[in-house]
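The values are calculated or read from the model by the stated rules, or taken from the named source; none is laboratory data. Note that the structure is a prediction, hence the values are computed from the model and not measured. Please note: Cβ atoms are built from the backbone with ideal geometry, for glycine as well, and neighbour counts cover all protein chains shown. When the accessible area is computed, the model is the full protein with side chains, heavy atoms only, and any ligands, DNA or RNA have been set aside. Shrake-Rupley method; radii C 1.70, N 1.55, O 1.52, S 1.80 Å.
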Amino acid sequence: MDTSSHNNTITVNTALYGPLAKYGGGKYIAEINVALEHGDKIEDLLKYFELPPDEKSYLFINAVLCDVPGLYASQRELLHDGDHVGIFSLQHMWPYQYRDGIRMSDSLTEALEEHGPIKNTY
Amino acid sequence: MAKKIVRIDMSELVATYENVPEKWSRWAGRGLTSAIVVDEVDPTCHPLGPNNKIVIAPGWVTGSPAAPSSGRTSFGGKSPLTGTIKETNSGGLSGQKIAKLGIAAIIIEGMPKNDKWYSIFISKDGVEFEEVGGLVGKGMYEVDELMWEKYPNKPAVIGIGQAGEMKLSNAGISVNDPENEPGRYAGRGGLGAVMGVRGVKAIVIDDKGGPGVEIADKDLFTQGRKKLTAAITEHALTKKDGGLHAFGTNVLMNIINEAGGLPTRNFSAGQFEGAAKISGEAVAENINERGGVGTTDHPCHPGCIIKCSSIYPDEKGNPFVSVLEYETAWALGANCGIDDIEYVAKMTRECNDIGLDTIEAGNTIAVAMDGGYLEFGDKEGAFKTFDEIRKGTPLGRIFGQGVEATAKAFGVYRVPTVKGQSMPAYEPRAIKGIGVTYATSTMGADHTSGYTIAPEIAGVGGKVDPLSNADKAELSLTFQAATAFIDCTGYCLFIAFPILDIAEGWAGMAESVAGVTGMDVTGDDVIAMGKEVLKMERLFNEAAGFTPEDDRLPEFMRDEALPPHNVKWTMADEVLDKVYAWVHED
């Protein structure tokens with residue numbers, strides 16, 4: 001039986017890295033299982049942590065890149081029970097050649113197409 | 001005073017100072033080491049034989065006053081690991097001191113007739129040889145300490161540990177840092193073995209009283225270095241308390257892991273459950289908690305203002321090891337299934353002491369684990385492999401030869417190498433762009449061969465487009481060419497971040513090079529000059545017997561799907577062949 005469904009809650013494992021860890025009670029890394037409601041989205045997760053969206057940079061859901069610095073493509077991503085979310089700070093870098101070809105969400109793909117090429121994306 | 005080439009003949013123990021020939025005068029750093037190797041080393045020679053050479057060259061701006069983060073030293077020769085040409089560069093004290101002595105390059109050739117070991121002392125007064133049989137068998141921590149006790153003025157010490165003495169293919173060349181620790185390595189490709197063949201245990205450089213670096217146009221140089229300095233100190237990643245300063249290169253561990261591109265347990269998975277424990281964030285936490293000499297505010301050479309290095313202390317705050325780079329923590333950690341940062345630190349110290357490249361060493365242990373020698377995650381067993389290498393046991397000598405020899409010894413099919421050199425910390429099945437560079441680089445699998453985001457320079461769209469379907473071959477070539485140029489400057493590759501984001505920084509970099517050298521260099525010349533270097537290297541490799549069929553990733557990456565995305569390497573061979581097709585077209 002899916003108890004989380006029965007209780008109308010889901011559990012999302014969340015890792016906050018670098019300066020963002022303070023929103024999860026850590027110094028540089030915080031990993032927390034967060035109970036959310038069915039239908040909750042990334043924006044709800046950020047609210048749970050009281051994490052200002054403009055402080056996040058790269059954001060992953062289950063190893064899929066869903067957001068990058070300066071965009072907010074992940075806000076409406078629906079979360080599911082058992083998801084893992086990793087959120088990085090603006091202090092983190094990711095040189096282009098080390099992410100060229102990685103898997104991205106449809107929402108981020110659309111956002112990037114709409115926004116056009118972005119700079120300062122390290 | 002015009003710069004000189006110092007040619008050292010170890011057969012006769014003679015050094016001569018030569019003018020820099022016109023054909024080499026445009027080059028420094030990687031461009032100069034590769035030009036000399038191309039001209040003077042037979043591509044078909046045995047890397048451990050009498051016809052190979054070691055060439056050492058600082059960059060164009062290295063040693064010039066207040067050029068920021070510009071202390072790189074290039075080392076060149078034919079690689080025992082790959083059989084290709086090799087340029088591998090390092091931070092530390094050597095580059096600036098060589099340059100301040102007015103030396104463009106040091107060429108070490110020949111072999112001692114008596115099988116003895118020597119140190120070479122280079123100062124403003126010339127070159128002195130000394131037999132140093134007492135140093136044989138010693139690791140680099142002790143060698144560095146003894147050299148500073150013997151020589152005044154806190155000299156640069158370039159040396160090899162036991163791995164180089166044994167001529168192992170994974171032997172790197174150590175350069176001491178400002179604290180006289182041996183954590184800076186021209187590690188990749190086994191050039192430590194080539195130095196060992198020459199009978200050179202250590203090269204000591206004292207620049208006191210040297211002529212310094214001549215500046216052709218002081219105003220232009222000053223203008224350029226000020227622009228570059230401003231860009232570095234302004235940029236979010238390179239400024240004080242930016243990502244590199246706070247967490248070092250290991251700031252990448254958690255990101256690459258979250259993306260599913262972290263090679264784990266000998267490239268059998270793309271995520272490691274213990275990644276956070278060995279990440280830059282974890283290292284920073286330990287450093288801050290332990291105090292003492294531990295710091296994340298550490299330059300690997302005087303004048304570095306990025307300071308991505310750190311000093312990792314022991315539990316009492318005493319110095320233990322510097323530096324736990326991302327690739328190091330990955331190779332000795334995630335790729336071996338080890339999530340204990342203390343063991344990663346201990347093994348890093350072993351590599352620094354014995355004189356081993358950490359990437360190749362970690363990959364070697366992982367391959368041995370894959371072959372059943374140890375269980376993945378066996379940190380005690382992994383640590384003990386370094387005893388085998390240090391002692392030169394038959395097993396240790398196999399490990400010291402690197403991944404391919406070890407894979408053969410243990411019957412392993414999953415061999416993550418290109419041209420004999422093992423892959424760094426980015427899984428090409430998940431991060432496909434880097435795979436093109438791994439496959440085609442003139443150096444074997446190398447993450448620094450295609451470092452900079454050059455499309456902005458090259459005008460490929462003006463800005464980086466993460467969704468771009470731009471030809472991956474063209475992109476990789478542009479990356480490789482821009483990187484080859486920066487490898488000539490003596491600047492650290494990490495200036496790529498500010499100079500590509502901040503136009504004034506880019507202009508400043510080019511102006512500083514033009515100011516020092518007097519050459520008419522602008523940003524528009526970067527790719528063309530980088531391609532000149534690549535062409536030299538590529539043609540050397542072709543003469544050594546390499547063909548486009550060597551520009552391939554290993555078979556298992558086409559056969560095995562990588563979790564969590566369950567992706568295979570699917571890049572067409574035609575794309576890979578296109579990267580260097582221009583060499584015979586231009």
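Would you work out which of B:485, A:89, B:70 lies farthest towards the positive end of the dipole of the protein assembly as shown, given +1 charges on the beta-carbon of Lys and Arg and -1 on that of Asp and Glu, about the Cα centre?
B:70
Relative contact order of region B:246-415, please, whole-number percent, based on alpha carbon pairs below 8 angstrom and at least 6 residues apart.
Details: 328 pairs, mean separation 31.9, N = 170.
Result for region B:246-415 is 19 percent.
Helix A:106-115 sits at what angle to the longest principal axis of chain A, using alpha carbons and giving 0 to 90 degrees rounded to 10?
40 degrees
Post the alpha-carbon centroid distance, region B:474-542 to region B:179-206, in whole angstrom.
Region B:474-542 and region B:179-206 have Cα centres spaced 26 Å from each other.
Counting other C-beta atoms within 10 Å, and keeping those with at most 14, which DSSP coil GluC sites (Glu not before Pro) do you find in region B:280-343?
B:315
How much mean residue ellipticity at 222 nm does chain B get from its helices, if each DSSP H run of length 4 or more adds -39500 (n - 2.57) and you divide by all residues, to the nearest 500 deg cm²/dmol? Spell out each step's value before the answer.
Values: 23 runs with 223 residues, N = 586.
One gets -11000 deg cm²/dmol as the mean residue ellipticity at 222 nm.
Relative contact order for region B:311-390: what percent, with Cα pairs under 8 Å and sequence separation of 6 or more? Before the final figure, lay out each step's value.
Values: 95 pairs, mean separation 22.7, N = 80.
Once normalised by length, the contact order is 28 percent.
Probe radius 1.4 Å, ligands and nucleic acids ignored: give me the carbon and sulfur share of the accessible area of chain B as a rounded percent.
Details: 8910 of 18390 Å².
C and S atoms contribute 48 percent here.
Just the number please: accessible area per residue for the protein assembly as shown, 1.4 Å probe, all protein chains included, in Å².
33 Å²
Take every DSSP beta bridge with both residues inside region A:3-115 and express the antiparallel ones as a percent of the total, to the nearest 5. Intermediate values should be presented prior to the final figure.
Details: 17 of 22 bridges.
Of all bridge pairs located within region A:3-115, approximately 75 percent are antiparallel.
Per residue of region B:318-335, in order, report the coupling 6.51 cos²θ - 1.76 cosθ + 1.60 (Karplus, θ = phi - 60°) as ³J(HN,Hα) in whole Hz, putting x for Gly and Pro.
Result, ordered by residue: 7, x, 10, 7, 9, 9, 8, 5, 4, 4, 5, 5, 5, 4, 8, x, 3, 6 Hz.
Could you sort out which of B:78/B:113; B:3/B:578; B:226/B:531; B:86/B:391; B:346/B:568; B:97/B:472 sit more than 30 Å apart by Cα distance in this structure?
Violating the 30 Å limit, Cα to Cα: B:3/B:578; B:346/B:568; B:97/B:472.
Tabulate in residue order the Karplus-calculated ³J(HN,Hα) for region B:7-16, using 6.51 cos²θ - 1.76 cosθ + 1.60 with θ = phi - 60°, rounded to whole Hz; enter x for Gly and Pro.
9, 10, 9, 6, 5, 10, 6, 10, 10, 10
Over region B:25-67, what is the relative contact order in percent, taking alpha-carbon pairs closer than 8 angstrom and at least six residues apart?
Details: 29 pairs, mean separation 20.3, N = 43.
It rounds to 47 percent for region B:25-67.
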